[in-house]
Amino acid sequence: MSELSFEQMLEESFKTIRNGEVVDGTVIDVKPDEIVLNIGYKADGIITKNEYTNDSAADLTTMVSVGDAMTVKVLKVNDGEGQVLLTYKRLAAEKGNERLREAFESHEVLRAPVTQILGGGLSVVVEEARVFIPASLVSDTYEKDLGKYQGQEIEFVISEFNPRRNRVIGDRRQLLVAERAERQRELFEKLNVGDTVEGTVKNVTDFGAFIDLGGVDGLLHISEMSWGRVENPKKVFRVGDTVKVLVKDIHDTKIALSLKFPETNPWANAAEDYAPGREVTGRVARMTDFGAFVELAPGVDALLHVSQISRAHVDKPSDVLSVGQEITARVVDLNESDKKISLSMKVLESASEDGAEEGLSEE
């Protein structure tokens with residue numbers, strides 16, 4: 001039996017490795033763009049920056065120290081220079097993909113920072129494994145600017161998992177939809193017609209404003225914005241305004257709101273304020289051929305018939321009156337149930353002229 005040479009014995013003292021094998025090693029040197037490992041093989045292992053991190057601007061000397069233990073994967077036993085080419089990033093991604101597979105099967109909610117804004121969505125990394133969240137699955141509402149998510153930690157679930165086709169899809173939208181549904185359920189359980197609630201103006205249209213009550217939107221119709229007349233909701237409300245509103249009606253998931261609080265009803269004291277015989281002052285709000293409508297208070301309009309404008313003949317109200325003009329008249333009729341008030345300026349002329357005539361006769 002022949003004796004082994006020293007070189008042969010040294011060669012046999014090292015383990016054998018193969019491409020694709022996972023090995024443990026110890027860091028023996030670190031450069032800004034390269035890590036050298038002792039992996040118990042006849043040659044040292046090398047990890048380039050690209051095989052350690054996705055951050056091209058990273059300095060490996062700030063991330064790894066001599067003496068650190070690492071588990072890596074063999075890419076090439078001989079890189080052409082007698083060294084073993086290793087990867088840390090790919091092994092971590094494989095472990096990350098396994099983590100994602102488990103999360104996909106269990107419907108687990110994951111949380112990770114957004115690392116990249118792409119044209120069609122967001123990219124997040126879970127344990128070195130990438131997940132793509134399409135723009136349509138980022139939110140439960142349309143997102144015009146995805147840039148605000150850069151670096152932000154978000155929650156999502158894995159809705160599609162096919163790493164072989166490089167399709168690992170995240171979904172944040174379904175979490176937000178479920179969260180909104182839960183808030184809606186809680187709100188509807190405690191919300192009642194007649195309640196006064198606080199909300200935030202979410203959108204303003206020509207016919208009204210949508211108010212966010214905390215996960216549920218209610219409609220404040222233009223006709224419910226004031227006891228008086230509102231011509232344009234956009235001149236009254238702005239998105240983001242905080243308002244206190246009255247819950248007028250609830251039908252399934254639809255909520256009708258109002259700013260016509262009972263305690264501010266201008267008709268509440270109509271019997272006293274607009275009793276027949278009382279003199280009132282108002283502003284001409286609009287005119288027709290048969291008369292002028294005079295606003296006595298927000299929500300209280302009275303009719304001044306063309307025949308009651310003056311003792312002199314008047315063909316049309318616009319011949320002697322103008323919109324916005326302030327006039328004084330006497331209430332000649334009040335119908336509270338129909339919310340109708342009739343006025344007369346003519347009777348005040350009569351009273352004034354009769355008084356003047358009596359003064360002349362006394363002289």
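What's the total number of residues in segment 255-286 that are among the hydrophobic types (A, V, I, L, M, F, W, C) and surrounded by fewer than 16 Cβ atoms within 10 Å (Cβ to Cβ)? Before you say what the answer is, go through the steps one by one.
So in segment 255-286, the residues among the hydrophobic types (A, V, I, L, M, F, W, C) come out as 255-257, 259, 261, 267-268, 270-271, 275, 280, 284-285.
Next, only the ones that are surrounded by fewer than 16 Cβ atoms within 10 Å (Cβ to Cβ) stay: 261, 267-268, 271, 275.
Result for segment 255-286: 5.
Pick from segment 317-338 the residues that are aliphatic (A, V, I, L, M) and assigned to a strand (DSSP E or B): which of them is farthest from residue 349 (Cα to Cα)? Even if it seems obvious, please write down each step before you answer.
Filtering segment 317-338 down to residues aliphatic (A, V, I, L, M) leaves 320-321, 323, 327, 329, 331-332, 334.
Then keep just the ones that are assigned to a strand (DSSP E or B); that gives 327, 329, 331-332, 334.
Numbers: 327: 13, 329: 10, 331: 14, 332: 14, 334: 21 Å.
Going through the qualifying residues, I end up with 334.
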- Within the group 196, 205, which residue is in contact with a Pro (Cβ under 9 Å, 6 or more places away or on another chain), open to solvent by less than 90 Å² (accessible area, probe 1.4 Å) and of a type in the set (S, T, N, Q)? 205
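Being under 19 Å from residue 199 (Cα atoms), aliphatic (A, V, I, L, M) and surrounded by 18 or more Cβ atoms within 10 Å (Cβ to Cβ): is that true of residue 246 here?
On the way: under 19 Å from residue 199 (Cα atoms): yes; aliphatic (A, V, I, L, M): yes; surrounded by 18 or more Cβ atoms within 10 Å (Cβ to Cβ): yes.
Here the answer is yes, as residue 246 does meet what is asked.
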- Task: Starting from segment 15-29, take each residue that is over 10 Å from residue 39 (Cβ atoms) and list its partners that are charged (D, E, K, R), counting only C-beta distances under 6 angstrom and pairs at least six apart or across chains.
- Result: 22/73; 27/68
- Message: Return the pair list, or none, for Cβ contacts closer than 7 Å from residues in segment 160-181 that are in contact (Cβ under 8 Å) with a residue 60 or more places away in the chain and closer than 16 Å to residue 130 by Cβ to residues that are open to solvent by 50 Å² or more (accessible area, probe 1.4 Å) and hydrophobic (A, V, I, L, M, F, W, C), at least 6 apart or on different chains.
- Response: 161/104; 168/132; 170/132
- Among the residues of segment 143-159, count how many are farther than 16 Å from residue 116 by Cα and either exposed (fewer than 14 other Cβ atoms within 10 Å of the Cβ) or touching a Cys at 6+ places or on another chain (Cβ under 9 Å) (or both). 1
- Exactly one of (1) closer than 26 Å to residue 227 by Cα; (2) surrounded by 13 or more Cβ atoms within 10 Å (Cβ to Cβ); (3) out of contact with any helix residue (DSSP H, G or I) (no Cβ under 7 Å at 6 or more places or on another chain); (4) modelled with pLDDT of 90 or more is unmet by residue 292. Its number? (3)
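Can you find a residue in segment 220-234 that is in a strand (DSSP E or B), open to solvent by 20 Å² or more (accessible area, probe 1.4 Å) and among the aromatic types (Phe, Trp, Tyr)? Can you show your working first?
The initial filter retains those residues of segment 220-234 that are in a strand (DSSP E or B), namely 220-221.
Within this subset, residues satisfying the condition of being open to solvent by 20 Å² or more (accessible area, probe 1.4 Å) are 221.
With among the aromatic types (Phe, Trp, Tyr) added as a condition, the list becomes none.
No, segment 220-234 has no match at all.
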- Filter segment 76-90 for residues that are surrounded by 16 or more Cβ atoms within 10 Å (Cβ to Cβ) and outside any loop (DSSP other than H, G, I, E, B); the one that is modelled with the lowest pLDDT is 89
- Task: Taking residue 215 as meeting all but one of (1) assigned to a loop (DSSP other than H, G, I, E, B); (2) open to solvent by 70 Å² or more (accessible area, probe 1.4 Å), write down the number of the exception.
- Result: (2)
- Task: Take the residues in segment 101-142 that are of a type in the set (Val, Ile, Thr) and open to solvent by less than 40 Å² (accessible area, probe 1.4 Å), then tell me which one is farthest from residue 159 (Cα to Cα).
- Result: 114
- When you scan segment 161-183, how many residues do you find that are closer than 29 Å to residue 260 by Cα and open to solvent by 60 Å² or more (accessible area, probe 1.4 Å)? 1
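The values are calculated or read from the model by the stated rules, or taken from the named source; none is laboratory data. These numbers come from a predicted model, not from an experiment. Ideal geometry is used to build each Cβ from the backbone, glycine not excepted, and the neighbour counts take in all protein chains shown. Keep in mind that these areas ignore ligands, DNA and RNA; they rest on the heavy atoms of the full protein, side chains included. Shrake-Rupley method; radii C 1.70, N 1.55, O 1.52, S 1.80 Å.
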